[in-house]
Every structure is written in structure tokens, then in C-alpha cells.
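Since the structure comes first, as C-alpha cells, the remarks are kept for the end.
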Amino acid sequence: MLNDRHLILGITGSIAACKAPALVRLFIKRGAEVQVIITPAGKEFITPLTLATLSRKAVISDFFSRRDGSWNSHVDLGLWADAMLIAPATASTIGKMANGIADNMLLTTYFACKAPVFVAPAMDLDMYTHPATQANLDKLRAYGNRILEPASGELASGLVGKGRMEEPEAIVQQLDDFFEKQAEGGLQKKKILLTAGPTYEKIDPVRFIGNYSSGKMGFALAEVLAERGAEVQLVSGPVTLKTRHPNIRRIDVESAEEMLAAALREFGDCAAAILCAAVADYRPAETAPQKIKREGQEELELRLKANPDIAATLGARKRPGQILAGFALETEHELSHAEGKLQRKNFDFIVLNSLRDKGAGFRTDTNKITIVDSRGQILAYPLKSKREVAEDIVGKLTSYFQ
Ligand code: PMT
């Protein structure tokens, strides 16, 4: 599964860098093309010449490749890669990745990379268990990176714990498994509509009715779908998030009516749609053309009008074979409300999340879901990062195409 894959291998300054040649050799043996990027500290542990010889490519370390001013483009490299592996990843590099510090070529490439990133931590065992390191690793997981759990070893305190970098064979196998799962995903070239974020319903030129949706859940879904080969049509309400993957086409909208129009334009030739947006159920019956003034008004009545139900509209138009999935955000009687929506909107499955669960719902980096499908299957999942939740949902979706 690694044949013809473009891999970036990022090497940082750890004694485990001595395992990097084995990694390169194994990747090359499986047919991958490997571009090594090494940090200045990494070069203290392994020579670029060894790595260049094994990878058959010049090793990149600096922004500028020659004294003539030509430079290595981290953006081009980030786009070229099918995956990026940082092995070994020191506590320092992990900390910089978690906190947006891009002070070397490896880090700028990481921040520009659109492909999945795998991180193999390697450090002193006490450093690994330090709360700061663990918090940084949690951040990386929340950003969608895959952390390759280190192997066990002995702590300075004499206790046994984790910290030693995973063995090259095991790392290469994990990447191989990832690409195999991706190929099995059955979403290659499938067009998938996704709605995400809130909608804003205008009261006047400066005010609106909205909700707390950040778009995090929907954007995590977009990334996972794109990584599995789908062509994602992401219709997003106003959010501050950015998309990373080139398979994502983003259509920005503001109101429920605009979201419906965009969804209807795209849905016809889609294999599936996942409706994750928190759509306002009502909008002001009239939008004031000028800013509403407070003077002389102790009370202000807003008359609201029902918005179109995008999910029910698509549900009514669904062709045989098209899969429609929705979300239910509940605060009480969760399961019965979700089952009602599943039927009324003609969903194939619905993803229930409840605001009664800590760490679930709006704005958090985590979510806790239950998937209910139209065949009566109910599957409850534990609290996970939104990235992992997205993988579970995409796993459910792909089961319809197998
Ligand atoms: O964006 P985040 O901060 O990460 O938060 C994620 C989330 C909580 C917004 C997300 O997980 C979620 O639950 N999204 C759906 C929220 C919602 O509006 O649920 P609902 O139960 O009101 O709607 C049911 C379904 O109908 C949803 O699929 C919704 O997209 C759809 N709908 C609702 C109303 C409407 N007018 N049109 C719709 O299409």
C-alpha cells in the first residue's frame, strides 16, 4: 500500500534518529518515494549523506538550498506529500507543533502539510510522562495528527513506562495499514456533500440570530472524507476555520436559505450527504434595512418565520443508493428525539450528541456520539477527539458502499 506514495520523513534531534536509515530503507523497499527533512539538531545524530544515499534524494534542512537565493518551498512539499511522518519527534518539536512555532524547515512544512501527519515521539521517559508533554500530545491529537505510541522502557525512577520510539518495522506497518484502510474506504472519487457550522439570520445590517457552532465537527469530517479519497463539497456557515485538504471544495454561506440553495445545487450527483450544520430553525420575518435604533423603545418584538428544513428537503429528494446522514443535538429525551428526526428527515443514519455530556457538542475539541441507523442499530461511542469521532462516522458511511 506504500507503493508510489510520497512520504515526508521529518527527523529531529534525538538519539532515536539512528533508526531513521532503517525507516527510509523500509519505505523505499515498499515502493514509496521519501523526502527527508532534518532539523539542525537532527544532523548532530545522523548525517544527511547517509539519508540522501538511502532515499536517493537530497536531504532538506534549510530554507535556502543554495547560496544563489533559491529556496526550498515548504508549501510545495506539503502539497506533494501523501503523508508526513515525524520520527523521531522530540518533546521540543512536539511542543512547537502544538503551539504554532515554525522556526525551522521541518516545522514550516508540517504547518503547510495537507496530508495526514504521523508523529513518533522519542524522548527520555520522564520527559514523555511530564504533563506538559502529554498536554502537547493531546493538542496534536485534537489537531488531527496520529500519535504512534512509543514502546515501553524503563523510567529513570526505575518504573517501567513509555518513551522509546516505536520500532521502524512497526511504524512502517502502521502507515501501510493506514493507506490500506484508506483504499478500502470505498470513497475514492465519490462526491460527498457536507454542511457545517452555524447559520446567521439577519435582523438588521449589524445583528443576527445565530448559535454556538464553531464548525470543528464538520471540518474534521471534511478532512477525514477527503483523506479517504472523497470529493468533498463543504457548505459552511460563518466560521473561522480553514480547510487543508485539496479534495475539499468549500462553499461559504451565511443564512439557512443560502445553505439550502447551495446544498440543492450539489446534492443531485452526490453519493452521500452528511448534514452537520447547526441550522437556525427560525429567521426574522423581516430584515430591517437600517440599524434598529433603541431610542424610545423599551421593548422590541421580533417576529420569526420558520426556515426551510435542509435535511428534510434533501431527504424527500434522495435517490435510491444515495446515503443521507444527519446530526441531532439534544438536551433531553435524546434517543427518542434522534429517532424521530431520523424518520422525519429520511436519514439513513443519525449522529446523536447531547449537551448533557461533558466535552460534547459545540466548540469543544471532543465529542461523544451515538449513531442510530434506519435499520434500528444503535451504537454508543465514548468521548473522543472530533477527529476520531469523524473517523467513526466516516467508517459508518463507508459501510453503505461496501
Ligand atoms: O460546530 P461544532 O462547534 O464543532 O459543534 C458541532 C455540532 C454540535 C454543531 C454538531 O455536532 C451537531 O450536532 N450538528 C447538528 C446541530 C443541529 O442543528 O441539530 P438539530 O437536531 O437541530 O438538527 C437535526 C438535523 O437537521 C441536523 O443534521 C441539521 O443539520 C439538520 N437541519 C436542521 C434544521 C434545518 N432547518 N435544516 C437542517 O438541515
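Listing for the model above:
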| quantity | calculated |
| --- | --- |
| Shape of segment 6-184, Cα gyration tensor, a/c cut at 1.5 | rounded |
| Assigned charges on the beta-carbon of Lys, Arg, Asp, Glu; the chain dipole about Cα centre (debye) | 640 |
| Alpha-carbon gyration tensor eigenvalues x 5, square-rooted, for segment 268-402, Å | 33, 20, 13 |
| Space enclosed by the convex hull of the alpha-carbon atoms of the chain, per residue, Å³ | 187 |
| Solvent-accessible area per residue for segment 6-184 (1.4 angstrom probe, square angstrom) | 44 |
| Between segment 1-60 and segment 71-90, the Cα center-to-center distance that results, in Å | 11 |
| Amide H within-cut-off set for G10, under 5 Å, with H built and near neighbours excluded | I37, L85, I86, A87 |
| Rg(Cα) / (2.2 N^0.38 Å) computed for segment 164-288, rounded to two decimals | 1.31 |
| Accessible area of the chain belonging to carbon and sulfur atoms, whole % at 1.4 Å probe | 52 |
| Mean Cβ count within 10 Å, highest first, over the residues of peptides 259-265, 328-334, 8-14 | 8-14, 259-265, 328-334 |
| Tensor-based shape of segment 28-111 (alpha-carbon gyration tensor, a/c under 1.5 rounded, otherwise prolate or oblate) | rounded |
| Heavy-atom accessible area per residue - segment 189-314, 1.4 Å, Å² | 49 |
| Integer Hz, Karplus 6.51/-1.76/1.60 couplings in order for segment 295-309, x for Gly and Pro | 3, x, 10, 7, 10, 9, 9, 10, 9, 10, 10, 5, 7, x, 8 |
| Extension gain (nm, one decimal) between S73 and L300, 0.36 nm per residue minus Cα-Cα | 76.1 nm |
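The values are calculated or read from the model by the stated rules, or taken from the named source; none is laboratory data. Please read all numbers here as calculations on a predicted model, not as lab measurements. Heads up, the Cβs are rebuilt from the backbone with ideal geometry, glycines too, and the neighbour counts pull from every protein chain shown. Heavy atoms of the whole protein, side chains included, go into the accessibility calculation; ligands, DNA and RNA do not. Shrake-Rupley method; radii C 1.70, N 1.55, O 1.52, S 1.80 Å.
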